[in-house]
Amino acid sequence: MTKTNAGRFFEDYSVGDVITHAVPRTISGGERAMYHALYPARGALYSSDAFAQRCGLPASPVDDLITFHTVFGKTVPDVSLNAVANLGYAEGRWLAAVYPGDTLTARSEVIGVKQNSNGKSGVVWVRTTGRNQHGVDVLSYVRWVMVRKPGDGPAPETVIPELARAVAASDLIVPDGLSFADYDATLAGEPHRLGDYKLGEVIDHVDGVTIEEAEHMLATRLWQNTAKVHFDATHRPDGKRLIYGGHVISMARALSFNGLANAQMIVALNGGAHANPCFAGDTIRAWSEVLDIAETPAPGVGAIRLRLVATKGALTALRDDDGKYAPDVLLDLDYWALMPV
Amino acid sequence: MTKTNAGRFFEDYSVGDVITHAVPRTISGGERAMYHALYPARGALYSSDAFAQRCGLPASPVDDLITFHTVFGKTVPDVSLNAVANLGYAEGRWLAAVYPGDTLTARSEVIGVKQNSNGKSGVVWVRTTGRNQHGVDVLSYVRWVMVRKPGDGPAPETVIPELARAVAASDLIVPDGLSFADYDATLAGEPHRLGDYKLGEVIDHVDGVTIEEAEHMLATRLWQNTAKVHFDATHRPDGKRLIYGGHVISMARALSFNGLANAQMIVALNGGAHANPCFAGDTIRAWSEVLDIAETPAPGVGAIRLRLVATKGALTALRDDDGKYAPDVLLDLDYWALMPV
Amino acid sequence: MTKTNAGRFFEDYSVGDVITHAVPRTISGGERAMYHALYPARGALYSSDAFAQRCGLPASPVDDLITFHTVFGKTVPDVSLNAVANLGYAEGRWLAAVYPGDTLTARSEVIGVKQNSNGKSGVVWVRTTGRNQHGVDVLSYVRWVMVRKPGDGPAPETVIPELARAVAASDLIVPDGLSFADYDATLAGEPHRLGDYKLGEVIDHVDGVTIEEAEHMLATRLWQNTAKVHFDATHRPDGKRLIYGGHVISMARALSFNGLANAQMIVALNGGAHANPCFAGDTIRAWSEVLDIAETPAPGVGAIRLRLVATKGALTALRDDDGKYAPDVLLDLDYWALMPV
């Protein structure tokens, strides 16, 4: 009975520890096809080799969130198997595009710990890095989770990392060779370029998707995410399976194509909160708010910072009078994407 | 709120307009695997490189209906987002085989418009063409839909295109190099060759498949078809999601393997009607009727014209006493396929 | 109505008959991606080209059970369409690794027949072999099924094949080039090597997965398995769809990663029983018992013989007081896997 992985608890993390996560993963066109069946993803750069080549890339990379989910999935057995809550993300940066045939590995460094006052749990901060088979880092992000502390050992020294509120535009990495100088907006699906968006502009993405159990489980397994709450209907007293927060992220991002078709590549994750749990039967909708606009050195390539909100009802206020997320809000994500100027 | 695509309405179509559809799409073995998981597709030519090579092709092409769905999906945001009904197909021809790695684009020409007498809607005819990355057309077909007309502008001049009742056998395109001279019927799955089928013969394909929400949504998204009725359970008062008609086409075609295993490649779509809506929980069955038989210039390759009927119950009469489709009939499709002589 | 395959009945099998099964199948990265979405499969050798190359293989092969399901699926229309029960497996051996791009065919030899005393059915034994496009056998196994006998012809001479109770360790085939001399247990996911397992040791794999209709149908179709009981909810009076036994095998094997992450490649199937039917809504759990341990000639490569039991409840006794399988037991499988020493 002792051979299975019980996961780490709060006392198993020390600042400075580096965890090499298991099961390197080769991505093929198969994972992309599955992703496109699971989400209404329509980004032209992630759908067509020809379109990507016209944008200066060697071929169509896999969707940016495939990279994220693959790396994230590897961390689950080591970071969040005993997590009570997934508290936040920061300083996420996509560092290199991932192509079919690439193999990804992941490692995490513990950069912060803080025991809760109840002594029964604590917060752990890790910086996770995904790397390809050439030793090139493809993604880096900070995540913090609340983890149970079953033992009664002394509290570790509190270390709370200083995290940027957002990745600076000057720190965004544009993939090698990317150019939007010869961008075909007709093939991309919408005419709106960076200059057409205004700070504070809110876009209702209109469409809704009702979620099924089979779909979120297929998605979550695809990333080798093993957290049992997503799969085992006997785990909760109410018989519900909690949907992987990343499923909501990908669904909302894909829905945002309608109004943001030219927000082509996610290059930074500034922050994010899974505001309320999502279950099968919920109908996910999304809206976006333009938070910032910036230039990049690449030809014709600008950057747009967006707040992406997923709800399980109609477009509503993000927060109620107490400042808490409204009950219908599932996700509040803050990211940078590249867009033609 | 104005950045999202509201779709075109009747007054937005003029005869002669050419619409370039967005989001070119590269097809890989991943899309094929997904297709084979969604439908009981067993055509040997579409399953095996070795079998396809013995038939003179460089490799196994993707299933003919993958080409159809991919091209059709691209047209949805421009043609059928506000469609009240998908009225018919005609003059469909597969012009070149599509292989993993190919990238497809689509464009449509408006070839007919006719406002309805109520002034609130009209019929639009488009001829859609799919093209690969080499500039070679791979598929062409006419579709007509009824579209809403919210405004009260004057009616356009009525133009009703002349459409062939069926593609003539002499107009069928046989893929380059295809030969059934060395055809292995054992590996294909059935001994029946073209000469074994008689005009008017009816084949009950025996098997049934009960449809799930997750499956039809995976399928519809895979083709980047964005019509919200397929995904959003809050869209209709009864909470049902209307199943994409193409899902029924592919299911029925795959079921028809049992009795038509050698009807290898669809090369023409003569016509088709989605007779009644299909919903999750329906059990789809299919039967075929032999409508015509013809020769082609390729070695050992004949053509069979088939009526393919999908029902959600047992084999029944196609039409009731009034000439309307019986309530259990989902699909009435008329196509040509290539078969060894 | 006579063109469809009605399947073979007991009188259609004679000892010595060789059946070439239809529809050769090319496997791509797409089938692997689909497999990894359907099951929580995490074997590093089957996930990463880089990991497989470090183990001496040219690339990551497809999961061993993909080979099994693909070959098995081909046999269904000829062997088990009219089967009343799938009675057992024996002498299964994986003979060569299968890589994306390979095309598999299958043939079966009838090696035994025994009419039941009621005269209405009989048992048929077949030895099935899967072969790749180079003419190399990749898998061989014996299966026996009970098949209906609608006619009243005389009983054939009873032939019961002698079958090994287990494949001898000396008969296991290690894939060409495989070496665990430079095995990275961190990347594989667990530290336990062959020497860490004891005969009789029982491992509870802890996790559970609740099964959905859409998932088992996707899986079963992916292998072109056409048995109608899996797809047609109108087939049984209770409206339930019987889940393909292979779906339970793959689910249990994938769950066994947790505690057996280094049991990398299945190389032999000694026996197996589908103890009770599985239906959507069941939550599958698994436990393993170590039955034997052996050496192989390959560097650092040992073999572990395991009993893998899938249940639809908690870990229970395998059999009740009468020696029958307990009602919650779904699967009792006996196999050999390769593991680093």
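Just how far, in whole angstrom, is segment C:1-59 from segment A:303-341 if you go by their alpha carbon centroids? Between the Cα centres of segment A:303-341 and segment C:1-59 lies a distance of 44 Å.
Expressed in Å, the radius of gyration and Dmax of the Cα atoms of the protein assembly as shown are 28.6, 86. In the elastic network of chain C, a GNM with C-alpha springs shorter than 10 Å, the most mobile of C:ALA83, C:ALA181, C:ALA219 is C:ALA181. Across the identical copies, the label point of B:ALA317 (7 Å from Cα in the Cβ direction) is separated from its matches by 6.2, 6.2 nm, in order from shortest. The alpha-carbon of A:LYS198 sits under 16 angstrom from the alpha-carbons of these lysines, leaving out residues fewer than 8 places away in its chain: B:LYS3. Using bins of 10 Å that start at zero, the share of Cα-Cα pairs per bin across chain A amounts to 5, 25, 35, 25, 8, 1, 0, in whole %. Excluding the site residues themselves, the longest part of chain C lacking any GluC sites (Glu not before Pro) in a DSSP loop with at most 16 other Cβ atoms within 10 Å is C:1-156.
Which lysines does C:LYS312 reach when only Cα atoms under 17 Å apart count, and residues fewer than 8 places away in its own chain are ignored? Cα-Cα hits under 17 Å: A:LYS228, C:LYS240, C:LYS324. The dipole here belongs to segment C:67-182: it is taken about the Cα centre, uses +1 on the Cβ of Lys and Arg and -1 on the Cβ of Asp and Glu, and is about 500 debye.
Cross-link partners of B:LYS149 among aspartates and glutamates, defined as those whose alpha carbon lies under 20 angstrom from its own and excluding same-chain residues fewer than eight positions apart: B:GLU11, B:ASP12, B:ASP17, B:ASP78, B:GLU109, B:GLU157.
Ordering B:TRP287, B:GLY246, B:LEU222 by Cα displacement along the dipole of segment B:188-341 toward the positive end leaves B:LEU222 in first place; charges were set at the Cβ atoms of Lys, Arg (+1) and Asp, Glu (-1).
Placing +1 at every Lys and Arg Cβ and -1 at every Asp and Glu Cβ, with all other atoms neutral, what dipole size does segment B:188-341 have around its Cα centre, in debye to the nearest 20?
Details: 14 positive and 20 negative charges, 81 e Å.
My answer is approximately 380 debye.
In the assembly of identical copies, B:THR234 has its label point, taken 7 Å from Cα in the direction of the beta carbon, separated from the corresponding points by 3.5, 3.5 nm (ascending, one decimal).
Charges were assigned to the Cβ only: +1 to each Lys and Arg, -1 to each Asp and Glu. The resulting dipole of chain B about its Cα centre is roughly 840 debye. Inter-chain Cβ neighbour count for A:290-302, averaged per residue, equals 0 (cutoff 10 Å, partner chain atoms only).
Phi angles of segment C:270-283 translate, via the Karplus equation with coefficients 6.51, -1.76, 1.60 and θ = phi - 60°, into HN-Hα couplings of 7, x, x, 9, 8, 5, 8, x, 10, 10, 4, x, 5, 9 Hz per residue; Gly and Pro are given as x.
Counting only other chain Cβ atoms within 10 Å of each residue's Cβ, the peptide C:188-199 averages 2.
Roughly how crowded by other chains is peptide A:145-155, in terms of the mean Cβ count from those chains within 10 Å of each of its Cβ atoms? Walk me through the intermediate numbers first.
Values: counts 0, 0, 0, 0, 0, 0, 0, 0, 0, 0, 0.
If you average over the peptide's residues, the count of other-chain Cβ atoms is 0.
The residue among C:ALA52, C:LEU330, C:HIS192 whose Cα reaches farthest toward the positive pole of the charge dipole of segment C:10-340, with charges on the beta-carbon of Lys, Arg, Asp and Glu, is C:LEU330.
Using the charge dipole of segment A:10-340 (Lys, Arg: +1 at Cβ; Asp, Glu: -1 at Cβ; taken about the Cα centre), state which of A:PRO161, A:MET146, A:ILE304 has its Cα farthest towards the positive end. Checked the options; the winner is A:MET146. Applying the Karplus relation 6.51 cos²θ - 1.76 cosθ + 1.60 with θ = phi - 60° to segment C:235-240 yields 3J(HN,Hα) values of 6, 10, x, 8, x, 8 Hz, where x marks Gly and Pro. Taking amide H as placed 1.01 Å from N in the peptide plane, B:ALA286 has its amide H under 5 Å from the amide H of B:HIS205, B:VAL206, B:THR311, each at least 5 places away in sequence or on another chain. Summary for B:ALA85: label point 7 Å along Cα→Cβ; distances to the equivalent points in the other copies, ascending, 5.4, 5.4 nm.
Tally Lys/Arg at +1 and Asp/Glu at -1 over every other residue whose Cβ is under 11 Å from the Cβ of C:VAL202; what's the total? It would help to have the intermediate numbers written out before the result.
Details: positive: A:LYS3, C:LYS198, C:ARG307; negative: C:GLU201, C:ASP204, C:GLU289.
With Lys, Arg at +1 and Asp, Glu at -1, the neighbours total 0.
Which net charge results when you count Lys and Arg as +1 and Asp and Glu as -1 among the other residues whose beta-carbon is under 10 Å from that of C:THR26? Numbers along the way, then the final one.
Values: positive: B:ARG32, C:ARG25; negative: B:ASP49, C:GLU31, C:ASP102.
Charge balance near C:THR26 sits at -1.
Annotation for B:ASP12 and B:ILE160: the two label points, set 7 Å from Cα along the Cα-Cβ direction, are 2.6 nm apart.
Where a number appears in this text, it was derived from the coordinates with a stated rule and is not lab data. As the structure is a computational prediction, the values presented were derived from the model and not from experiment. Don't worry about glycine lacking a Cβ; one is built from the backbone with ideal geometry, like all the others, and counts go over all protein chains shown.
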